[in-house]
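Have a look at the structure below before the remarks.
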Amino acid sequence: MSKSNFEFLKTVDNNLYEIINDAERLYRGEFFEQCMGQTRRFGEHLCRNVLGSNRTNEVTFDEMLATLKDKINGSEQEKEFIDDLYFLKKQGNTSVHSGKVTQDGIAALECLQRAFEASINYAVYNKKADSKILDLRYDTELLVTGEKSKKSLSEKYKEEKAKLPKKTTKKPVKKSKPQVTSMKSVPRKTGVSSFWIIVGISFVVSLITVIFILF
């Protein structure tokens, strides 16, 4: 027999447990819209139970929710409880009255998770159940397989992380140095070259010789 996330409800309110256990079975069979309708039914019974003697002429889920909202003291737990019930009502109504079958597994899963949170609040704060229930977390693996996982959430996380491909660090590509071509300039010679000195001396000697001959 498949186990349920709502096992703790057996000793608190077996009727509620049977209703929500059916919702999980519907989810497991991929009847998502029917699952949402069943979670809405669960929310309505939960609301009726919490109202208890405070209930007067309320008949519909809407009327009971309105009365319950007026009765709460405003604590965080109460606000979350009311919010969860409104969500279950809205999603359940949408699934029941929708003209098109959408088979939204994500929405159905959220309905179950909201029902789970609401039932924990109900068990601890209304039925005075063991406060250890507050540490429970919704197990999607248990929902899908009907078997409770023997591994903790942290262990499963480490396993999944180990399966991920390791990132390879690329070695930086060495940039080639740009080729620098340098041209050495030849220094310009300064002063009078020996060629012009010789030419000058020859010119002076020739000039003296010409003057000597003429005179």
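For the reader, a short list of remarks on this structure follows.
- Of all the residues in region 47-69, those that are closer than 18 Å to Leu16 by Cβ, without any contact (Cβ under 8 Å) to a residue 40 or more places away in the chain and open to solvent by less than 50 Å² (accessible area, probe 1.4 Å) number 7.
- Picking from residues in region 52-102 that are assigned to a helix (DSSP H, G or I) and β-branched (Val, Ile, Thr), the one that is modelled with the highest pLDDT is Ile82.
- Exactly one residue out of Glu18, Glu80 is under 18 Å from Val124 (Cα atoms), free of Cβ contacts under 8 Å to residues at least 60 places away in the same chain and either surrounded by 14 or more Cβ atoms within 10 Å (Cβ to Cβ) or of a type outside the set (Ser, Thr, Tyr) (or both): that is Glu80.
- A search for C-beta distances below 7 Å between a residue of region 84-102 that is more than 10 Å from Ala115 (Cβ to Cβ) and any residue that is of a type in the set (Ser, Thr, Tyr) and at pLDDT 90 or above, counting only pairs 6+ apart in sequence or on different chains, returns Gly92/Thr39.
The values are calculated or read from the model by the stated rules, or taken from the named source; none is laboratory data. What you see is a predicted model; the values in this text were computed from it and never measured. Heads up, the Cβs are rebuilt from the backbone with ideal geometry, glycines too, and the neighbour counts pull from every protein chain shown. For accessibility, only protein heavy atoms count, side chains too; no ligands or nucleic acids. Shrake-Rupley method; radii C 1.70, N 1.55, O 1.52, S 1.80 Å.
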